[in-house]
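Peer 1: Pasting in a structure now, in structure tokens, and then I'll have a few things to ask.
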Amino acid sequence: MDSVTEVLVVGAGPTGLILAGDLARAGLGCTVLERRAEESNLTRAFAVHARTLEMLDARGLADDLVATGARVGALRVFGKLEVDLSQLPTRFPYVLVTPQYNTERVLEEHASALGAQIVRGAEVVGLRQDNDGVELDVRYQDGTLATRRAMYAIGADGVGSTVRQALALPFPGHSAVQSVMLADVRLSEAPEEVLTVNAAGDGFSFLAPFGDGWYRVIAWDRRRQLPDDAPVELDEIRDITQRVLGTDFGMHDARWMSRFHSDERQVPHYRVGRVFLAGDAAHVHSPAGGQGMNTGLQDAANLGWKLAAAVQGWTPDSLLDSYHTERYPVGRAVLRGSGALLQLALAQSLATHAARWLLANVVGRFVSPPAIVSRAVSGIGIAYAAPRSEHRLVGRRAPDVLFTSGKARESRLYKTLRGGKFVLLTPAGVGAAIGRRWAGRVDFATPADATLPMMLVRPDGYVAWVTDESAPASRDAALRTALTRWCGHPTNM
Ligand SMILES: Cc1cc2nc3c(=O)[nH]c(=O)nc-3n(C[C@H](O)[C@H](O)[C@H](O)COP(=O)(O)OP(=O)(O)OC[C@H]3O[C@@H](n4cnc5c(N)ncnc54)[C@H](O)[C@@H]3O)c2cc1C
């Protein structure tokens, strides 16, 4: 056994890196074990959605990432059908187009600056757990084997997750699409739009910029369905792009090409004892809608503060169970949504063609797709179930409420959330004396909008508790109960 830490994270993809930052910010000893010896400059995701940007804002990272990419205010689904994002109630009413390696770089720098250890060339090959902790067998790049122990472990090790297999969990689902071709190319004619996409009867093509003159093309041809290891010719990609987009944009000089298949799968349990699964290790689906990385980052944001609270010993174990209860349905909905989008895009039957034509040419022209679509794709509409007895806002995303405070650092909710604590939104002075008894776990702020009810916001930006009660004695009693339930027993008695 070579060392002990509080939390071991397996995998330094986006999910593992954001978790490492959150755990380190909470003061936990956290080590990330990554199989690859070098950082990867291959990229898969390009789309960072509004809710993810809000989460990055709550870590002080959104502005850095936004500076690396291009903002797209409407997502073209196919033909004339667009999802308008510009009216979303957020500071980020767009999708940010930036290669995944930029997101990973920003997250890794943040995690390292906060003290997380990221060990590369460290492959996890075995896992055991007992009542007090988890042991991981690690094979290092030089071939040496060691065992590392921690209170908890997280499998953020992607679709082929060793952790998931070590837990003997199934990964039920099916193959969604075969023989999808990827290529990184130069273009002689730049497309007019940042993201260019269309689907026609026998295929689709999608182009996104890396921002440095290179473009990623994703293409699929129903007429040529080949195994993943079949070589890819740029001519194939040119041909399908020409057919579905009317031009191949003069693509040339491919520096990298690959063929892959995409599955739709989800693990039935996100938690097994002291081990959690997050990101692609827990759910995978087609790239349609650009949701995979976004969902993984949001899994991590849900889990990090709960795990920190558990290690610090001020929360019941049931809070850790709520990670599965809350995130499993979100993963399920993403699988269904991206699956439906893919089926529509790859439509073959006359009926589906007709539905697509109708959507693109009739519905799309006269009415915007309902706000519910943009809220779902952007993640702004995600909410967690709450008992009927709770206030209707409980479980919903807290908007970036402005404060009356003069201190710029604390002028709005998502800046205050950078402290990684709960935030009690309270009319001036009200409840603050009570809240101070939970100092260290709760920050306080007075919203500029005096009509807002008293509200406790979780560290991940979702509403924990709200009261409309105005009678001081009942309101204060309810506040004490809510703080004890969510933030443990008072720190200052
Ligand atoms: C073509 C394509 C386009 C996509 N576009 C988008 C998009 O626009 N938006 C979006 O949100 N998502 C998109 N996705 C999905 C997105 O790329 C993934 O959802 C995301 O990378 C998942 O992140 P992760 O951290 O969970 O896993 P990964 O990124 O897979 O990271 C897992 C890490 O774990 C490491 N690892 C694996 N096994 C071990 C082990 N045994 N020990 C130690 N380390 C290990 C791996 O080396 C890897 O670094 C796309 C996917 C594809 C294929």
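The values are calculated or read from the model by the stated rules, or taken from the named source; none is laboratory data. Everything numeric here is computed off the predicted structure, so don't read it as measured data. FYI the Cβ positions are ideal-geometry reconstructions off the backbone, even for glycines, and counts take in every protein chain you see. For the accessible areas, the whole protein counts, side chains as well, though only heavy atoms, and no ligand, DNA or RNA atoms are used. Shrake-Rupley method; radii C 1.70, N 1.55, O 1.52, S 1.80 Å.
Peer 1: Condition (residue is within 16 Å of the ligand (Cβ to nearest atom), in a strand (DSSP E or B), within 21 Å of the chain's Cα centre (by Cα) and at pLDDT 90 or above) applied to the range 193-208: is it met by at least one residue? Before the answer, list the steps.
Peer 2: Keep residues of the range 193-208 that are within 16 Å of the ligand (Cβ to nearest atom), which gives 193-197, 199, 203-208.
Still in the running and in a strand (DSSP E or B): 196-197, 199, 203-208.
After this cut, where a residue has to be within 21 Å of the chain's Cα centre (by Cα) as well, the list is 208.
Next, from what is left, pick out any that are at pLDDT 90 or above: 208.
The answer is yes, given that some residue of the range 193-208 is within 16 Å of the ligand (Cβ to nearest atom), in a strand (DSSP E or B), within 21 Å of the chain's Cα centre (by Cα) and at pLDDT 90 or above.
Peer 1: When you check Asp443 against the structure, is it modelled with pLDDT under 95 and either surrounded by fewer than 19 Cβ atoms within 10 Å (Cβ to Cβ) or of a type outside the set (Gly, Ala, Ser) (or both), yes or no?
Peer 2: yes
Peer 1: Among Leu344, Leu307, Leu320, Leu297, which is the only one that is within 16 Å of the ligand (Cβ to nearest atom) and of a type outside the set (Val, Ile, Thr)?
Peer 2: Every option except Leu297 fails the conditions.
Peer 1: What pairs can you find where one residue is in the range 257-284 and without any contact (Cβ under 8 Å) to a residue 12 or more places away in the chain, the other is open to solvent by 40 Å² or more (accessible area, probe 1.4 Å) and within 12 Å of the ligand (Cβ to nearest atom), and their Cβ atoms are less than 6 Å apart, with a gap of 6+ or different chains?
Peer 2: none
Residue-by-condition table, conditions (1) over 27 Å from Pro227 (Cα atoms); (2) touching a Lys or Arg at 6+ places or on another chain (Cβ under 9 Å); (3) away from the ligand (no atom under 13 Å from the Cβ); (4) among the polar types (S, T, N, Q):
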{"site": "Met251", "(1), (2), (3), (4)": "no, yes, yes, no"}
{"site": "Arg255", "(1), (2), (3), (4)": "no, yes, yes, no"}
{"site": "Val267", "(1), (2), (3), (4)": "no, yes, no, no"}
{"site": "Gly279", "(1), (2), (3), (4)": "no, no, no, no"}
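Here is a yes/no grid of residues against (1) open to solvent by 60 Å² or more (accessible area, probe 1.4 Å); (2) among the polar types (S, T, N, Q); (3) touching a Leu at 6+ places or on another chain (Cβ under 6 Å); (4) over 29 Å from Arg25 (Cβ atoms):
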| position | (1), (2), (3), (4) |
| --- | --- |
| Gly121 | no, no, no, no |
| Gln129 | yes, yes, no, no |
| Ala153 | no, no, yes, no |
| Asp184 | no, no, no, yes |
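Peer 1: Can I ask one more? Filter the range 84-104 for residues that are out of contact with any Ser or Thr (no Cβ under 6 Å at 6 or more places or on another chain), open to solvent by less than 30 Å² (accessible area, probe 1.4 Å) and within 11 Å of Leu53 (Cβ to Cβ) and give the result.
Peer 2: Thr90, Phe92, Tyr94, Val95, Leu96, Thr103, listed by residue number.
Peer 1: Does at least one position in the range 217-225 carry a residue that is free of Cβ contacts under 8 Å to residues at least 40 places away in the same chain and within 16 Å of the ligand (Cβ to nearest atom)? Spell out the reasoning first.
Peer 2: Pass one, the range 217-225, residues free of Cβ contacts under 8 Å to residues at least 40 places away in the same chain: 217, 219, 223.
Applying the additional criterion that residues be within 16 Å of the ligand (Cβ to nearest atom) yields 217, 219.
The answer is yes, given that some residue of the range 217-225 is free of Cβ contacts under 8 Å to residues at least 40 places away in the same chain and within 16 Å of the ligand (Cβ to nearest atom).
Peer 1: A further question on this structure: Being more than 7 Å from the ligand (Cβ to nearest atom) and in contact (Cβ under 8 Å) with a residue 60 or more places away in the chain is the filter here, so list the residues in the range 285-294 that pass it.
Peer 2: Hits for the range 285-294 are His285, Ser286, Gly289.
Peer 1: Does Val138 satisfy the condition of being open to solvent by 30 Å² or more (accessible area, probe 1.4 Å), at negative phi and in contact with a Lys or Arg (Cβ under 8 Å, 6 or more places away or on another chain)?
Peer 2: Considered against the rule, which asks whether it is open to solvent by 30 Å² or more (accessible area, probe 1.4 Å), at negative phi and in contact with a Lys or Arg (Cβ under 8 Å, 6 or more places away or on another chain), Val138 comes out as no.
Peer 1: Out of curiosity, is Ala385 over 24 Å from Tyr94 (Cα atoms), open to solvent by 40 Å² or more (accessible area, probe 1.4 Å) and in contact (Cβ under 8 Å) with a residue 12 or more places away in the chain? Even if it seems obvious, please write down each step before you answer.
Peer 2: On the way: over 24 Å from Tyr94 (Cα atoms): yes; open to solvent by 40 Å² or more (accessible area, probe 1.4 Å): yes; in contact (Cβ under 8 Å) with a residue 12 or more places away in the chain: yes.
For Ala385, the condition - over 24 Å from Tyr94 (Cα atoms), open to solvent by 40 Å² or more (accessible area, probe 1.4 Å) and in contact (Cβ under 8 Å) with a residue 12 or more places away in the chain - is met.
Peer 1: Also, I was wondering about something else. Which one is farthest from Gly11 (Cα to Cα), of the residues in the range 134-162 that are within 14 Å of the ligand (Cβ to nearest atom) and outside any strand (DSSP E or B)?
Peer 2: Checked the range 134-162; the qualifying residue farthest from Gly11 (Cα to Cα) is Gln141.
Peer 1: Same structure, new question: In this structure, does Val423 turn out to be touching a residue at least 24 places away in the same chain (Cβ under 8 Å) and touching a helix residue (DSSP H, G or I) at 6+ places or on another chain (Cβ under 8 Å)?
Peer 2: For Val423, the condition - touching a residue at least 24 places away in the same chain (Cβ under 8 Å) and touching a helix residue (DSSP H, G or I) at 6+ places or on another chain (Cβ under 8 Å) - is met.
Peer 1: Being touching a Pro at 6+ places or on another chain (Cβ under 9 Å) and among the small types (Gly, Ala, Ser): is that true of Ala50 here?
Peer 2: yes
Peer 1: Tally time: how many residues in the range 176-192 are at pLDDT 90 or above, of a type in the set (Gly, Ala, Ser) and not in a loop (DSSP other than H, G, I, E, B)?
Peer 2: 2
Peer 1: What pairs can you find where one residue is in the range 35-58 and buried (at least 18 other Cβ atoms within 10 Å of the Cβ), the other is of a type outside the set (Lys, Arg) and in a strand (DSSP E or B), and their Cβ atoms are less than 6 Å apart, with a gap of 6+ or different chains?
Peer 2: Close Cβ pairs (under 6 Å, with a partner that is of a type outside the set (Lys, Arg) and in a strand (DSSP E or B)) amount to Arg35/Glu123; Phe46/Val97; Phe46/Ala208; Ala47/Val95; Val48/Leu96; His49/Val95.
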